[in-house]
Amino acid sequence: YVAAVYEHESILSPSPAALVGRRSALELMGRNLDVYEQQVLAAARQGAQIIVFPEDGIHGFNFTRSSIYPYLDFVPHSGSGKWNPCREPYLFNDTEVVQCLSCMALKNKIFLVANLGTKQPCERTDPRCPADGRYQFNTNVALAADGTLLATYRKHNLYFEYAFDTPPEPDYAFFDTPFAGKFGMFTCFDILFFEPAVNLVRQYNLKQIVYPTAWMNQLPLLSAVEFQQAFATAFNVNILAANIHHPTLGMTGSGIYTPVKSFIYHNMESYGGKLIVAEIPVITTDYKTNLEKTPGRVEKGKEQSPPSFYAEMMYDNFTFVPVWGEKGEVRVCANTLCCYLNYQRAVLTDELYALGVFDGLHTVHGTYYVQACALVKCGGLSFSTCGQEVTDATTLIDFQLWANMSTPYIFPLLLTSGITLDFADHMGWKNNLYFLSKNRTSSGLLTAALYGRWYEKD
């Protein structure tokens, strides 16, 4: 099928904390919706059957609970496919934004997924009802090609979003299409947690995901395109991921991903939005190809590991060993996790690499348990630069990386120079170790990692 995602440079309110009326809120959102309309038309002309827009793309961000209120639409939750906002605008008050989106879908005969702020009055008898008598949700809507509201999803894992409430229960949101079956839906930070993202994919055996996001890139392990691809690979799904474009805030990185190929946009240099349109296969069966060949097992004690050192990476205290010379085998352990690396450089360059391990609770910008084994390019030639954000590299490496992971949820990361993606030759479980192997990266290696999420220990 043909899919489209739009990385949008949102027109932002100059003072999001200021209190404004509904009319001026609609005026600002209308400017963003005008851009959406042009992009829906452009995507439809290229044959797209579905288009996805980013999180916060219509209203922006940095609001307070009260300042966002005029920007919120009322959207009935559940989206049973009975209401067509474009054709029945009179059914509910304060639905201008969702009407506008519904009409775009209808006019261009395209499925459309967008993110907006919504409100829902609640009763004083509801123990969870906020003091102001309403819930405010960060919401995705999915609209059919005839404008019908198919599904809504209220973001569960909020990322410092004080204007919004967490829904009482996780939403498991999905909708049906004639061209690719069921699509699941979640938002941004949700991708790092079991609920609802992983549970949704597994419970309903979903193979297509739509993913609005407003993601701030963090190298070396959590760049947007890097993790979006890792999720597609780990769960054997297609992902249509739309990010917003604000390079000064570190925000860029959208794409259309299959488990074995990607069409991405990552641009921290220039301004303006970007439409990506790609034709991808509907996934019906599980790929089993990545387990054909398994690497030789390192004999314990055979490796002569150089001295280990500590450095901070992603705000976590990693234990590293330097990866010196043209080829070799090293290992490094922390807590119960041991990482092994077998490597050979194509040409000896003067770039320093290190193999790092972390097995513990990550506590900055969210709390979640990580088991990570990562081969990274250091920022310079001294150990203290390992773990820094690096975007360019020249070293081509053949490697086999493996680890005795305690969790089955492992995201394979493979990032190359210029924030481009590469794909492992083989990966999977062998002898209770999870491995990732690659012969000759396509360009200089930035990161090759096994990023494990041990959800039970969050």
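The values are calculated or read from the model by the stated rules, or taken from the named source; none is laboratory data. In this text, all values refer to a predicted model and were calculated from it rather than measured experimentally. With ideal geometry, Cβ positions are generated from the backbone for all residues, glycine too; neighbour counts draw on all protein chains shown. Keep in mind that these areas ignore ligands, DNA and RNA; they rest on the heavy atoms of the full protein, side chains included. Shrake-Rupley method; radii C 1.70, N 1.55, O 1.52, S 1.80 Å.
Brief remarks follow.
- Whole-Hz couplings from phi, Karplus 6.51/-1.76/1.60, listed for region 155-172; x for Gly and Pro: 4, 9, 9, 6, 10, 6, 10, 6, 7, 10, 9, 7, x, x, 10, x, 7, 9
- Selected from P89, F358, L12, residue furthest toward positive end of dipole (the chain; charges at beta carbon): P89
- Among the protein heavy atoms of the chain, carbon and sulfur supply 51% of the accessible surface, probe 1.4 Å, non-protein parts ignored.
- Other residues whose C-beta falls under 10 angstrom from the C-beta of K377 contribute a net charge of -2, scoring Lys and Arg +1 and Asp and Glu -1.
- Rg/Rh for the chain, where both radii come from Cα atoms and Rh is the Kirkwood radius: 1.00
- Extension gain for T349-T367 works out to 2.7 nm (0.36 nm per residue, less the C-alpha to C-alpha distance).
- Surrounding net charge for P70, when Lys and Arg each add one and Asp and Glu each subtract one, Cβ distance under 9 Å: +2
- Beta bridges by DSSP in region 2-279, antiparallel share as percent, to the nearest 5: 70 percent
- The trypsin sites (Lys or Arg not before Pro) of region 123-209 that meet both conditions, a loop assignment by DSSP and at most 16 other Cβ atoms within 10 Å of the site Cβ, are R124, R128.
- Cα-only Debye scattering, region 160-256: base-10 log of I(q)/I(0) at q = 0.19 Å⁻¹: -0.95
- Using the alpha carbons alone, the radius of gyration of region 309-457 stands to its Kirkwood radius in an Rg to Rh ratio of 0.93.
- With contacts taken as Cα pairs under 8 Å at a separation of at least 6 residues, region 19-146 carries a relative contact order of 28 percent.
- Cα pair count fraction exceeding 27 Å, expressed as % - region 1-124: 19 percent
- Spatial separation of Cα centroids for region 35-68 and region 365-412, in angstrom: 33 Å
- The helix-based estimate of mean residue ellipticity at 222 nm for the chain, built from -39,500 (n - 2.57) per DSSP H run of four or more residues and divided by its residue count, is -4000 deg cm²/dmol to the nearest 500.
- Sparsely packed loop sites in region 75-169 (the chymotrypsin sites (Phe, Trp or Tyr not before Pro) outside DSSP H, G, I, E and B with at most 14 other Cβ atoms within 10 Å) comprise F160, Y162.
- Cut-off 19 Å, label 7 Å out along Cα→Cβ of C129, residues of region 61-93 by amide N: 66, 74-77
- Span-like helix check, the chain: no full DSSP H segment qualifies, none having both a Cα axial length of 30 Å or more and a mean Kyte-Doolittle of 0.0 or more.
- When GluC sites (Glu not before Pro) are flagged only if DSSP places them in a loop and at most 14 other Cβ atoms lie within 10 Å, the longest unflagged stretch of the chain comes out as 124-268.
- Only lysine pairs 8 or more places apart or on separate chains count here, and in region 309-457 those with Cα atoms under 18 Å apart total 4.
- Per residue solvent-accessible surface (Å²) - the chain, probe of 1.4 Å: 39 Å²
- With pairing defined as another cysteine C-beta under 4.7 Å, the cysteines of the chain that fail it are C100, C188.
- Qualifying trypsin sites (Lys or Arg not before Pro) in region 382-447, DSSP loop, other Cβ atoms within 10 Å at most 14: R440
- Charging the Cβ of each Asp and Glu at -1 and of each Lys and Arg at +1, and nothing else, the dipole of the chain about its Cα centre rounds to 720 debye.
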